[in-house]
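Read through the structure below, which is laid out as structure tokens, and then see the notes.
Readers should treat all values here as calculations from the given coordinates under stated rules, not as data from a laboratory. Treat the numbers as computed from the prediction; the structure is a model and nothing was measured. Ideal geometry is used to build each Cβ from the backbone, glycine not excepted, and the neighbour counts take in all protein chains shown.
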Amino acid sequence: MKINPNLQAMITGGVLQTNESRFKKSSEKMTSGFKINSQRDNPAGYAVSNRMHAKLGSLEKANQNASNAINVIQTADGSLGEVQNMLHRVKELSVKSANETLTTDDRLAIQEEVDSLFAEIERIGSQTQYNTQKLLNGDQDLKGYSDSEYVSVATYNDKFPVDKDYTL
């Protein structure tokens, strides 16, 4: 008995395997929507794509950090706006107290209001916080930033004692 190989079937099987492999690759590209799905598709393009994805992740985190910084600044700005209003009131009271027609009792009442305004300013300075971090009590360092890809941070801290004798 002699067995002859079916050459036609072997050729057809090889072509079928090649076409099936190509179909899988094309189907993978179509379903993912990406031109490069693996390193074997385009090694150089894959490396560039990976670098771009890493940079995109860094930029997304930088965007989130910037949003957090804006929230911190808005919180501090709101508190400082209140302090500014109180200081304007202190200025008004100071000018008013210079009036020679006021009695001693009037001046004492003005001084009490000034003292309470300064006490409120002290409270705002010690209690203003964002995410449990106090913003206006002098413990925060000022940090600079760079708009380049590489960041160097400069720090500055201007702590000085505040004289709390506010008598007019």
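Please give, to one decimal in nm, the separation of the simple spin-label points placed at Glu113 and Met52, each 7 Å out from Cα toward the Cβ.
Each label point lies 7 Å from its Cα, and together they span 6.5 nm.
What are the GluC sites (Glu not before Pro) within region 94-138 that DSSP puts in a loop, where the Cβ has at most 13 other Cβ atoms within 10 Å?
Loop-located and lightly packed - Glu100.
Tell me, what is a quarter of the convex hull surface for the C-alpha atoms of region 54-137, in nm² with one decimal?
Across all orientations, region 54-137 yields a mean hull projection of 6.5 nm².
Taking +1 at the Cβ of each Lys and Arg and -1 at the Cβ of each Asp and Glu, which of Ala66, Ala109, Asn131 sits farthest along the dipole of region 54-137 towards its positive end, judged by Cα position relative to the Cα centre?
Ala66
Relative to the Cα centre, what is the charge dipole magnitude of region 54-137, using +1 at the beta carbon of each Lys and Arg, -1 at the beta carbon of each Asp and Glu, and rounding to the nearest 20 debye?
Rounded to the nearest 20 debye, it is 640 debye.
Place a point 7 Å from Cα of Asn71 in the direction of its Cβ. Which residues in region 116-140 have their backbone N less than 13 Å from it?
130-133
How would Arg107, Arg123 line up from fewest to most surrounding beta-carbon atoms within 10 angstrom?
Going from least to most buried by this count: Arg123, Arg107.
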